[in-house]
1. Ignoring ligands, DNA and RNA, what percent of the 1.4 Å accessible area of region 18-60 is carbon and sulfur?
2. Test of the criteria: in region 1-58, which trypsin sites (Lys or Arg not before Pro) are in a DSSP loop and have at most 10 other Cβ atoms within 10 angstrom of their Cβ?
3. Relative to 2.2 N^0.38 Å, what does the C-alpha radius of gyration of region 18-60 come to as a ratio? Two decimals please.
4. If each residue of separation counts as 0.36 nm, what is the full-extension length gain between residue 9 and residue 51 once their alpha-carbon separation is subtracted?
5. Excluding residues fewer than 8 places away in the same chain, name every one of the lysines whose C-alpha is closer than 19 Å to that of residue 53.
6. Full-extension gain between residue 19 and residue 42, please, as 0.36 nm times their residue separation minus the C-alpha to C-alpha distance.
Amino acid sequence: DACGQPVPWEHCCPWIYFDGKLFQSKLIKAGRERVSLIELCDGQADLATKVEKMRQSILEGVNMNHPPPSALLPSPT
């Protein structure tokens, strides 16, 4: 509001864009049944493509080779 409300309130409402119940059901299905992305997207190939592109852009530049947790902690004496 200090900047004259650069983003309208309607565009800041996560419930317009995000369905938590749907997300949770898809997450459970993916974890338990190990279904493919296309199945999670209800067979919509264009939607699966968008999700994959989003995943790639989120993970771009992220180093997935983390040292084991024991290497981060000092050894007990």
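The values are calculated or read from the model by the stated rules, or taken from the named source; none is laboratory data. Computed from a prediction, not measured in an experiment: that's the story for all the values here. Cβ sites come from the backbone with ideal geometry, for glycine too, and all protein chains shown count toward neighbours. Just so you know, the surface numbers come from the protein's heavy atoms only, side chains and all, with ligands and any DNA or RNA stripped out. Shrake-Rupley method; radii C 1.70, N 1.55, O 1.52, S 1.80 Å.
1. Working: 2120 of 3620 Å².
The computed percentage sits at 59.
2. Values: sites: 21, 26, 29, 32, 34, 50, 53, 55; in loops: 34.
Within region 1-58, the qualifying trypsin sites (Lys or Arg not before Pro) (loop, at most 10 other Cβ atoms within 10 Å) are 34.
3. Working: Rg = 10.8 Å, N = 43, 2.2 N^0.38 = 9.2 Å.
This ratio for region 18-60 stands at 1.17.
4. Numbers: separation 42, 0.36 × 42 = 15.12 nm, distance 2.60 nm.
Full-extension gain reported as 12.5 nm.
5. Partners within reach: 26.
6. Numbers: separation 23, 0.36 × 23 = 8.28 nm, distance 1.57 nm.
Contour length minus Cα-Cα distance gives 6.7 nm.
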